[in-house]
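Chemist: Handing you a structure now.
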Amino acid sequence: MSIRVFIPRDASALAMGADAVAGQIKTEAEARGLAIEIIRTGSRGMAWLEPLVEVEGANGTRFGYGPVAPRDVKGLFDAFFLAGGVHALGVGPVEELPWFRAQQRLTFGRCGRIDPFSIHEYRAAGGLRGLDAALAMRPEAIVEAVTQSGLRGRGGAGFPAGIKWKTVLGAAASQKYIVCNADEGDSGTFADRMLMEGDPFTLIEGMTIAGLAVGATKGYVYIRSEYPHAFAAMERAIEVARSAGVLGPCVLGSPHAFDIEARLGAGAYICGEETALLESLEGKRGVVRAKPPLPALQGLFGKPTVVNNVLTFAAVPFILSEGAKAYADYGMGRSRGTLPVQLGGNVKRGGLIELAFGVTLRQIIAEFGGGTRSGRPIRAVQVGGPLGAYLPSHQLDVALDYEALAAIGAMLGHGGIVVFDDSVDMAKQAKFAFEFCAAESCGKCTPCRIGAVRGAEALESAIKGEKRAENLALVADLCTLMRDASLCAHGGLTPNPVESALRHFPEDFGARAALAAE
Amino acid sequence: MSDIAPWNHTVAQAVIDALKDREGAALPILHALQECFGYIDEAAVPLVAEALNLSRAEVHGVLSFYHDFRRTPDPRRRIQLCRAEACQSLGCETLVQHAAVHHGVTPQGRGSVRLETVYCLGLCAQGPAALVDGAPVARLDAGRLSALINGAPVEAVLAGEEA
């Protein structure tokens, strides 16, 4: 009986040399005549431990060693790591680590544990039970379960998924579509990538359930080109699902047809906006559409379309297998279930932390993150991607909840948290927000296309101390205009980082230069 | 990058024909052409337009909208450096300066490698990060970036053998 060794193939592990480590372990085991089986998995989400090598003990407990470099491998064998031996890199039983055990992994329960391309392991770990349940239900009952669970769109807008699905179900059409938005472009977010690389069948199952619920037979996953590994993983998983009969003309032997195609984006951040994404899928420039009509009624190729984020679809199998109430029992207020939080930037222990809504930012950053990587004090935290607000350290006791964040002028977005230490120049960050908006604007509406360019110029002048008051007044005016008059959230939310930086960190915006000039 | 073929009309037509019946085929076709030739030749525009029943202007519009599509060949090593907020918090901008000052490499296209700005690679807890000819590299610093610019294999850099 060979010993099973698990090594992640997630991009976060590959980026730290996981392939070389796997190769070295194989070579060393052969040289020592030891029988091992190497299984490449997704990531557990503990980025600072990657590559995290796990060895399965006799009772199935998995002992972790990380971060492992190729030069550590010989020493690990010398320390009998295959038998759970003591070594400086040892972290003990992985699932007993406080960082890991404190989480509620409903969506990411399998990620990092199983071979992402084995449908057999997927089923053995509880996969496909949601789809089995959905196949025994009427479409209305599936939609009702999703509504009752309280699941809200995880892409950022937080719109109730059940209501969207109900609209599509009620629309009469010859063809309907399920579109998964995997254009995860927000800085500080990587949950979609991790799920697609580590447990792609969960996404496939969730999309298939959505297809059954609304009467759609075709699905698309639109993946950004900056994620080549996620794209390859999805293509491979779709192939496996097809040959296993999960996808195809008879889903799990039922009379229902559903199939999925993975599509690659081409480096346009705006294609994460749902209507620009639909245009891109149709083969056009990724230009935002005016709403209405809603995509739920006239979406892809003008047909009724469910557009949801990866994490929204990936939450659905649990809801169907364990029941809407089991999911809704997690969370607070109108934010039900769990949120896969992504902690990044200048932080000691970053990664993916799935928790019920309601945990505070400070708990996440201090308890899970362990403070900054640089060891310097935290100065600012950006929540919700490049269009999210910058929060000063005295606001970190806010709960992660759609409404609680909105109440302080911030937003949850896709759940990304980026930590900055006291070396950050907030004026630079505010100017970058405008520059990013300009670089990635689709160009359709004037407030976004021109406003972002003028905003960056005016800020630059203010920072230099040129007509500071006038230029800051112009920035404030542009922010109001962009918020009120942009066609989509790209221009409409860019004022968030700009205004929050100005409000909380005014000392960075040329006050000193202005004083010196006087 | 040795598997890239020189521009060839017949091959391009075959690539287009294999994909043109997909729904909304323009992006898959343009990606396939770029993968085959390393860029999208001007001569491909009328071929794509013809296959998809679009005007040349529409194909040009799509081609010029997306950051990924290249109009000229560039055989240099491609380093896509993340310059979004999470990597900013860990000093990616000093790496941009380092590349310019010490190697004459800029995101505007100068130098011995093709340095490109990207916004987020999903490696936000291990920045600064880059993709080097498609291979992810985390925890970049000046030494690692120099090694990559000087042509060191990615595996060697990841193993800490760049010096």
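Chemist: Amide H to amide H under 5 Å from A:Asp10: which residues, 5+ apart in sequence or cross-chain, H placed 1.01 Å off N in plane?
Modeler: HN-HN under 5 Å from A:Asp10: A:Ser43.
Chemist: Quick one: plug the Kirkwood hydrodynamic radius of region A:331-421 (C-alpha pairs) into Stokes-Einstein at 10 °C, 1.306 mPa s, and report D in µm²/s. Please list the in-between numbers first.
Modeler: Numbers: Rh = 12.7 Å.
This corresponds to a translational diffusion coefficient of 125 µm²/s.
Chemist: Right, here's the next one. When a/c reaches 1.5 or more, the comparison of a/b and b/c decides; with that in mind, is region A:165-238 rounded, prolate or oblate per its Cα gyration tensor? Mind showing how you got there, number by number?
Modeler: Working: a/c = 2.43, a/b = 1.96, b/c = 1.24.
In terms of gyration-tensor shape, prolate.
Chemist: Moving to a separate point now. So for chain A, averaging the separation of alpha carbon pairs under 8 Å that are six or more residues apart and normalising by length, what relative contact order in percent results? Intermediate values should be presented prior to the final figure.
Modeler: Details: 1126 pairs, mean separation 68.5, N = 518.
Relative contact order here is 13 percent.
Chemist: While we're on this one: Determine ³J(HN,Hα), in whole Hz, for all residues of region B:72-81 in sequence, where each value follows from phi through the Karplus function 6.51 cos²θ - 1.76 cosθ + 1.60 and θ = phi - 60°; x replaces Gly and Pro.
Modeler: 9, x, 8, x, 5, 4, 9, 10, 8, 9
Chemist: Right, another one. Would you give the gap between the C-alpha center of region B:108-163 and the C-alpha center of region A:356-427, rounded to a whole Å?
Modeler: If you average the Cα positions of each part, the centres end up 28 Å apart.
Chemist: If you count the DSSP beta bridges with both ends in chain A, what percent of them are antiparallel, to the nearest 5?
Modeler: 50 percent
Chemist: Let me ask something else about it. Using a 4.7 Å Cβ cut-off, which Cys residues in chain B lack a partner cysteine?
Modeler: B:Cys36, B:Cys120, B:Cys124
Chemist: Extension gain A:His256-A:Glu435, at 0.36 nm per residue separation less the Cα-Cα distance, in nm?
Modeler: 59.7 nm
Chemist: If I take every Cα pair under 8 Å that is 6 or more residues apart in region A:119-328, average their sequence separation and divide by the length, what percent do I get for the relative contact order?
Modeler: After rounding, I find 32 percent.
Chemist: With helices defined as uninterrupted DSSP H runs, which ones in chain A have an alpha carbon span along their own long axis of at least 18 Å and mean Kyte-Doolittle hydropathy of at least 1.0?
Modeler: A:200-214, A:310-322
Chemist: Another question about this same structure. I'd like the Karplus ³J(HN,Hα) series for region A:103-109: coefficients 6.51, -1.76, 1.60, θ = phi - 60°, whole numbers in Hz, and an x wherever there's a Gly or Pro.
Modeler: 8, 10, 8, 8, 7, 9, x
Chemist: Quick one: which residues, 5 or more positions from A:Gly331 or on another chain, have an amide H under 5 Å from its amide H? H modelled 1.01 Å from N in the peptide plane, none for Pro or chain starts.
Modeler: For A:Gly331, whose amide H was placed from the backbone, the distant partners under 5 Å are A:Gly337, A:Phe357.
Chemist: Counting only helical runs of four or more DSSP H residues, what would the 222 nm mean residue ellipticity of chain A come to if each run contributes -39,500 (n - 2.57) and the total is spread over all its residues?
Modeler: Details: 22 runs with 206 residues, N = 518.
Taking each H run of at least 4 residues, the total per residue is -11500 deg cm²/dmol.
Chemist: Now for a different question. Where in region B:73-92 is the amide nitrogen less than 15 Å from a point lying 7 Å along the Cα-to-Cβ axis of B:Asp141?
Modeler: B:90-92
Chemist: Summing Lys, Arg as +1 and Asp, Glu as -1, what charge do residues with Cβ under 15 Å from the Cβ of B:Ser112 carry, B:Ser112 excluded?
Modeler: +2
Chemist: According to the Kirkwood expression over distinct Cα-Cα pairs, how big is the hydrodynamic radius of region B:9-65, in Å?
Modeler: Final number for the Kirkwood radius of region B:9-65 is 10.9 Å.
Chemist: Right, something else. Just from its helices, what would the mean residue ellipticity at 222 nm be for chain B, if runs of 4 or more DSSP H residues each count -39500 (n - 2.57) and the sum is divided by every residue, rounded to the nearest 500 deg cm²/dmol?
Modeler: Estimated from H runs of four or more residues: -12000 deg cm²/dmol.
Chemist: A further question follows. Of all the Cα-Cα pairs you can form in the protein assembly as shown, what percent are over 48 Å apart? Please report the intermediate quantities before stating the final value.
Modeler: On the way: 27690 of 231540 pairs.
When every Cα pair of the protein assembly as shown is considered, 12 percent fall beyond 48 Å.
Chemist: Right, here's the next one. Taking Cα pairs under 8 Å and at least six residues apart, what relative contact order does region A:426-517 come out at, in percent?
Modeler: 37 percent
Chemist: For region A:136-266, what does the alpha-carbon gyration tensor say about shape, rounded, prolate or oblate, given a ≥ b ≥ c as the root eigenvalues, a/c under 1.5 as rounded, and a/b over b/c as prolate? Don't skip to the end; give the middle numbers.
Modeler: Values: a/c = 1.90, a/b = 1.22, b/c = 1.55.
Because a/c hits 1.5 or more and a/b fails to exceed b/c, region A:136-266 counts as oblate.
Read-outs throughout are calculated quantities, based only on the coordinates presented, and are distinct from any laboratory measurement. Keep in mind that this is a model prediction, so the values were computed, not measured. Cβ atoms come from the backbone with ideal geometry, glycine included; neighbour counts cover every protein chain shown.
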